[in-house]
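Down below is the structure, laid out as C-alpha cells.
What follows draws every value from the coordinates through simple rules; no lab data is involved. Please read these numbers as outputs of a predicted model, since none were measured by experiment. Here the Cβ positions follow ideal geometry from the backbone for every residue, glycine too, while neighbour counts run over all protein chains shown.
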Amino acid sequence: MIGGQRWDAVVIGAGAGGSAAAWRLSQRGMSVLLLDAGPRFDPLTDYPQTGADWDLRDFPQKPGSEASLSFGVGQRLLGDEPLLKSYSRGGGPLNDSGKRWMDSYQHVRGIGGTTLHFTGESHRLNPAAMRMQSRFGVAADWPIDYADLEPYYVQAESLIGVAGDAAAGPRWRSQPYPLPPHPLSWAAQTLGRGAATLGMTWHANSRAALSIPWRGRVPCNYCGSCQKGCPRGDKGSADVTFIAAAVGSGRCTVRPDSPVVRIEKDSRDRVAAVLVGRPRGGLERITAPRFVLAAGAVETPRLLLASDGLANESGEVGRNFMETISTLAGALHPEPQHGRRGLPADAICWDYNAPDAIPGTRGGCRIYHASAEAGLIGLANFAVRALPGWGRPHAQAMRRHYGHALYVGAIGESLPNPRSRVDLDVRKRDRHGIPLARITAWLTPDDIVRLRFMAAKSRELLTASGCGDIFETYSSWDRFSASHVFGTCRMGANAATSVVNADGRSHRWRNLWITDASVFPSSGGGEAPALTIQALALRAVDRMVAA
C-alpha cells in the first residue's frame, strides 16, 4: 500500500522474470506495482543508430542503469593455455596478470532489464539438462521437468513473437513457433557451408525478433545492432512485450528509479513490506499481501542477505553461482562477408548441447555465428582490432578487407562449485548504506575441458569455412565477463538444500516468490536463459493463484 493505494502484489525487478510475473498477475485480475532500481529507456531517443559514431556506441548508460558491485580475487591461471588466451591483433594479449581477470557483469537496470541489451536469442532448455545430478552426478536436478514448462514456453513465445526453425530436436513442442525463421545472413551461410563439410548441423537460431509484423509491432530491418538497443521495437525486450501488455490491462503501475533496499518480515513467516529508495532521498515503506523478487542472480541474493538473511534458512542464498562459460574467435575470409547485413546470432549448432556430448567432461555447449555480436560491423572497430596500422598502407588494407571478418562464438554449461558465489562486500556500500554484491567466480577442471573443446571447434569451423589466421579470441578462461548468470537461490524439493520450492516460493516465507535465473539448479548447455525465466515466472504466478 502507498498513500491509500492497495496492491495485490509488488514485483521487484522489471527484467525478464519480473515483467512476465507482472503481466501474468495483471492478466489474473490482480493489481500490481512493478518496481525497478533503474530508469526508463525511450527507444526512439536513447538508441540512435544514425550518427557517424554508431559502431562505437554501446548500450547507453543512464544514471542508475548499472548496479555497483565488486569482485573477489581472480583465480590463478595454471599452465599454458594458448588456445584459451584472450588476444586481439590490435592489442596483443589482453591479460598477462597471471590471474583470471574479473572484468564485468553485463547487465542493465531499468524498465525491461537486461532484455533491453540482450541479442534476443530465445531458447528452451534441453530436457536432459534438468537432470544433471541424477544422470551425471553434478549440479542439481530441477524439481520440475520440461513438460511442466512447455505450455508456458508456448505462451511466452506467442506474446514476445519468437521466430524459429521447425526442427525441435530434444526440445519437443506442442505448438510451432509463432513466426517463421529469419533468413540467414551471408556470413552465416558461409559458416553453414563450412559446418556441412564437418558434419555439423547448422540452422536458423530461434530469436525474439520479428520476422513478420506481430501484435502491432513492425518486423526487423536487420541493422545488426540488437545489443545497442532496438529503436524500432521489433526485438522482444520486456518493455515492449510483457510490460506494455501489463500496463495496457490497467492493473499494473510501473515505477522506475525505485531501488528496494530492504525486505521486512513479520512474526508469522510472511514478508510484511519493502523499503524503497526515493529518487530525491529518503525511504518509502510499501506493503502488499504478495511479493515477487526478480532482481537477477546477483542482486536478488544481495537483497536477501542484506535483509538479515531472509529466506536463507538453508544457507544456500548466494551459493551455486554459475556464470557464462564462453569463447569467441574471429578471422578474415578471402571473400566479403557483408558483416553489417543480417540478424546477430542468426545461426546455431546444437550438436554438442546434451550434457554428455563433449568427451571428457559433463555439460554441453552450443556454437553460433557471432560476427555482429563481436562489434566489428562498422569501420572504426575493424580498423583498430582486425587491421591495426596507420597511413596509406592501412587505408589500402581496409579497402581490401573491410567486411571480410567472420566470428564463431560458443557458450557452454557452467557447473556450480563451492568457490563460486555472490556475497556481501562489507567494505563497499551503495548510497543507501547497503553492502554491494561481491562476485567470486571459479572455473572447475570440467569447465576448462569444455572451454578447450569450444575453442577448438570454433577454430575448426572458421578454417572449414575458408578463413585464414585467427586475429582475435576471447575466453572465460582468463576473463570473467558474464551476461548470463544463474543459481544463487536454487529451487528444489528439499528445504535444507534449496531456497525456493518447485513453484518459486520460499520454503519458509509464504508470500515471497523468486522468478529470475537465481532459481536455476543448472545452467543448461549454452541456452540463453530469458525464455526459461519467463516461463518459470508465468508458472509461478499460476501456482500462486491456484494455492
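Quick notes on this structure:
- Principal-axis tilt of helix 16-27 within the chain, Cα atoms, nearest 10 degrees: 50
- Over the chain, the reciprocal of the mean inverse Cα-Cα separation, the Kirkwood hydrodynamic radius, stands at 23.5 Å.
- Note that the stretch 504-510 has calculated 3J(HN,Hα) couplings of x, 8, 3, 4, 9, 8, 6 Hz, one per residue in order, obtained from phi through the Karplus relation 6.51 cos²θ - 1.76 cosθ + 1.60 (θ = phi - 60°); glycine and proline are x.
- The share of C-alpha pairs in the stretch 5-76 whose separation exceeds 21 Å stands at 52 percent.
- S104-A456 FRET efficiency (beta carbon distance; Förster radius 30 Å; 0.05 resolution): 0.70
- Angle between the chain longest axis and helix 445-464 axis [Cα atoms, degrees, rounded to 10]: 40
- Evaluated at q = 0.12 Å⁻¹, the base-10 log of the normalised Debye intensity for the stretch 72-213, with identical point scatterers placed on the Cα atoms, takes the values -0.85.
- Among the trypsin sites (Lys or Arg not before Pro) found in the stretch 232-326, those both in a DSSP coil and sparsely packed, with 14 or fewer other Cβ atoms within 10 Å of their Cβ, are R268, R280.
- Label-point gap, in nm, between L56 and E264 - each point 7 angstrom along Cα→Cβ: 5.0
- The stretch 200-231 and the stretch 454-490: distance between their alpha carbon centers, rounded to Å: 23
- Inverse mean reciprocal Cα-Cα distance (Kirkwood Rh) of the stretch 35-77, Å: 13.5
- From the largest down, the stretch 1-155 spans 61, 52, 30 angstrom on the principal axes of its Cα atoms.
- By the beta-carbon count within 10 Å of each Cβ, the least crowded to most crowded order of S206, S267, fewest first, is S267, S206.
- Least to most buried among I12, I514 (fewest other Cβ within 10 Å first): I12, I514
- Burial order of peptide ranges 471-478, 390-397 (average beta-carbon count within 10 Å, highest first): 471-478, 390-397
- Cα gyration tensor category, rounded, prolate or oblate, for the stretch 385-432 with a/c compared to 1.5: oblate
- Each peptide in 179-187, 18-26 receives the mean, over its residues, of other Cβ atoms within 10 Å, and ordering these scores from highest gives 18-26, 179-187.
- Value of Rg to Rh for the stretch 338-412, rounded to two decimals, is 1.16; Kirkwood radius and Rg both from alpha-carbon coordinates.
- Burial ordering of S122, S134, fewest other beta-carbon atoms within 10 Å first: S134, S122
- D by Stokes-Einstein for the stretch 261-349, Kirkwood Rh over Cα pairs, 10 °C, 1.306 mPa s: 90 µm²/s.
- The chain - share of DSSP beta bridges that are antiparallel (%, nearest 5): 70
- Helix 391-401 and the longest principal axis of the C-alpha atoms of the chain enclose an angle of approximately 80°.
- Hz values of 3J(HN,Hα) by residue in the stretch 471-478 - Karplus curve (6.51, -1.76, 1.60), Gly and Pro given as x: 10, 7, 9, 9, 7, 5, 4, 10
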